[in-house]
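The values are calculated or read from the model by the stated rules, or taken from the named source; none is laboratory data. This structure is a prediction, so every number in the text was calculated from the model and none was measured. Positions of Cβ are backbone-derived with ideal geometry, glycine not excepted, and every protein chain shown enters the neighbour counts. Quick note on the areas: whole protein, heavy atoms, side chains included, nothing else; ligands and nucleic acids left out. Shrake-Rupley method; radii C 1.70, N 1.55, O 1.52, S 1.80 Å.
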Amino acid sequence: MEATTILPILKKKLAFLSGGKDRRSGLILTIPLSSDQTSMEELSATLDYLLSIPSEKCKARGFTVIVDGRKSQWNIVKTVVLMLQNVIPAEVSLVCVVKPDEFWDKKVTHFCFWKEKDRLGFEVILVSANKLTRYIEPCQLTDDFGGSLDYDHSDWLNKRLVFEKFTKESTSLLDELSIINETDKSSALCVCLLCCVSVCCVVCLFVVCCASVVCLCAGHELLSELQQRRFNGSEGGGGGQGAWCPMEEELLAQPQVMKLLDSLREQYTRYQELCRQRNKRTQLDEIHAKVMQVVTWLQGPGSELLKTQQAIGDSMRTAQALQQKHEEIESQHSEWFAVYVELNQQIAALLSAGEEEEVAELKSLQQQLSDVCYRQAAQLESRQNVLQAAHSFHSTTQELSQQLDGLLGMLCADVAPADGASIQQNLKLLEEKLQTVEAGLTSLRQKGSLLLEQMCSPPSWTLEETESPGGDQQDNVQQIQSVMDEMQLRKQRCEDMVDVRRLKMLQMVQLFKCEEDALQAVEWLSELLDALLKTHVRLGDDSQETRTMLDKHRKFVDVAQSTYDYGRQLLQATVVLCQSLRCTTRSSGDTLPRLNRVWKQFSVSAEERQHRLELALSFHGNAERVLQQMCVEAESLDEVDSSGKTLLDRLTMPVIFPDGSEQYFGSPSDTAVAAEGVRERLLLVEERRLQLQETRLHYEEEEEEEEVALTGLEVKPKVI
């Protein structure tokens, strides 16, 4: 019987178990009769329900029934007492009928109870409320009978309803959990769960799980309430047996709640373990399916995508297009690699708490997945490296081709520099371009070798044997080699042209140098001529100085002759170089006449200068002999005088060049100074002449005097 079926009757409080006990530890059943007519059927139902609550052990100790008849009539009390015989005859030990102050007829009541004593099977006593403590301790009586035991019928009824609800739900839940746990041994439910064939099964299991949690929470809350009341009841006791209040243990079935909770926890723990195993199995199957999905795609469509991408392109543009295509392939792979990372994390989490069989399976899946992913990633990286190397190779090829085109254009252009410096600049620029081409070709070889190495070498992470290069691979190798050979051939042709151009430019440099040096020779010769005419005027004061000046003049002429010869050689070399370069005669056509003209003017001037010095040397030499000799012939004096005058006349004459032009040596003052020296020497010679004449006259006079003296003749003087 459940309280919910007779809830309206129980709310009337026709009878109740307060939790108090008699001195024999028997439970006290209280029947509070009211002044209204009491329904025996409802009372009987109430008693049946109340007597179903205690355990058999408690029932064996017997009940003490307190029939509170203070507000009722004797007939009703008698009926209730007789009804106890039919309801609980064996369990009743003592019936205490609490009589009112104005009690019924004593004889009648006393007679009736004694008459029915043997038939009833229990003792019935009439007692007033204040004397009830003779039979029952005050702490076991409620306040209606002057006791200190707290009892709230509404609270008891509510807890009873909660308890019965918990008992019913937990029992049903235990049955369901037992069925689920036992059914797990078969494969039907597992298949249903793993394959998700029956959504209802999954929903039911979820409902059972939620109900288990709710029921456990309700049970713990109920148990907490019961234990709290027991604690409060212990505090309300006065001592002795009152300190032990079994209300919750026996009447409210605290042990039963605890037992149900323990069973429920046990079944729920088994159910959780079952769910954990199912979830783990489901996780394993899901992981296995995802692993196989990743492996299948990587080994199938992923590998096919890479196999179709073997070209390296023939230019930077095609290489960039291939790189973009490869980035798209990498983007597709990255989605699967993200799944791989997630699966790897899930597998690592399961490995930390997995069993031995599961660990072996998980490690096998993890190894298979890692091998495939790493191999595919290595192939992607290898392909990316090849494309990057190909792009760099094509970029270098394009740059080198542009450099070769620029060098070829420079070589094909006509060379018409204005001077040797510009030729030197062009030659330097040509050498720099050739060095740049050489460096570019070296870089191209290096990048080509790197590209070939990356194309032919297998990836660093591979599980399969290296396949032999296919047709596309061989074509790529031949393409790279042909590009490098073509660039080498173009570079060699440019080098040959550079050698020819270098020789030509060096010849042009030499041509300009010869022309410049020839012009310099003309300038030097002009300077020598100018110096000869302007500064070479003096003739010396004596023969020694004149002889020295004549020697210096010859050396001066030798220097001029060497300069002229050097200029002639340079001009001859210029003619040869112009013929070799097949160019028209440049400024050398004007330089040669200038050189010859200056040389002829210098030659005429030098001869005139030499002639004057020779005249001066002869003059000074004769004059010095005349001046130094004691006896001088008149002819010698005349000769000196004649050479001196001739020299003076020569100093006043200009130099007549082959073109008819005239030029004087030095300035008039310089000529006057040179002539003054000659004149002074002529004066000395004249003085010598006079001196010799005087000496001769004196000598002749002495001879005449001697003759006169010898002859004694008078001699007439002669006039000279």
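Numbers below:
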{"read-out": "Hits in region 271-315 (condition: among the small types (G, A, S) and surrounded by fewer than 16 Cβ atoms within 10 Å (Cβ to Cβ))", "value": "A289, G300, S303, S315"}
{"read-out": "Per-region count, region 656-674, residues over 16 Å from L615 (Cα atoms) and either surrounded by 11 or more Cβ atoms within 10 Å (Cβ to Cβ) or not assigned by the TED database to the domain that holds W599 (or both)", "value": "10"}
{"read-out": "Candidate set: region 406-427, residues that are modelled with pLDDT of 80 or more and open to solvent by 70 Å² or more (accessible area, probe 1.4 Å); chosen: the one nearest to F512 (Cα to Cα)", "value": "Q424"}
{"read-out": "Hits in region 377-400 (condition: under 23 Å from the mean Cα position of the chain (by Cα) and either over 19 Å from Q454 (Cβ atoms) or among the polar types (S, T, N, Q) (or both))", "value": "Q379, S382, Q384, N385, Q388, S392"}
{"read-out": "Qualifying residue in region 360-377 (condition: assigned to a helix (DSSP H, G or I) and touching a Pro at 6+ places or on another chain (Cβ under 8 Å))", "value": "yes"}
{"read-out": "Every residue from region 131-179 that is of a type in the set (A, V, I, L, M, F, W, C), open to solvent by less than 80 Å² (accessible area, probe 1.4 Å) and assigned to a helix (DSSP H, G or I)", "value": "L132, C139, F145, W156, L157, L161, V162, F163, F166, L173, L174, L177"}
{"read-out": "Selected residue [touching a Phe, Trp or Tyr at 6+ places or on another chain (Cβ under 6 Å) and either assigned by the TED database to the domain that holds Q601 or on the phi < 0 side of the Ramachandran plot (or both)] from A560, A531, A573", "value": "A560"}
{"read-out": "Filter result for E266 (open to solvent by 30 Å² or more (accessible area, probe 1.4 Å) and within 26 Å of C373 (Cα to Cα))", "value": "no"}
{"read-out": "Residue satisfying all of: in region 474-499; aliphatic (A, V, I, L, M) and in contact with a helix residue (DSSP H, G or I) (Cβ under 7 Å, 6 or more places away or on another chain); surrounded by the most Cβ atoms within 10 Å (Cβ to Cβ) among these", "value": "I480"}
{"read-out": "Residue check for E182: open to solvent by 60 Å² or more (accessible area, probe 1.4 Å) and either in contact with a strand residue (DSSP E or B) (Cβ under 8 Å, 6 or more places away or on another chain) or modelled with pLDDT of 85 or more (or both)", "value": "no"}
{"read-out": "Selection status of S364, open to solvent by 30 Å² or more (accessible area, probe 1.4 Å) and more than 34 Å from the chain's Cα centre (by Cα)", "value": "yes"}
{"read-out": "Single residue of T171, T133 found to be modelled with pLDDT of 80 or more, polar (S, T, N, Q) and in contact with a Phe, Trp or Tyr (Cβ under 9 Å, 6 or more places away or on another chain)", "value": "T133"}
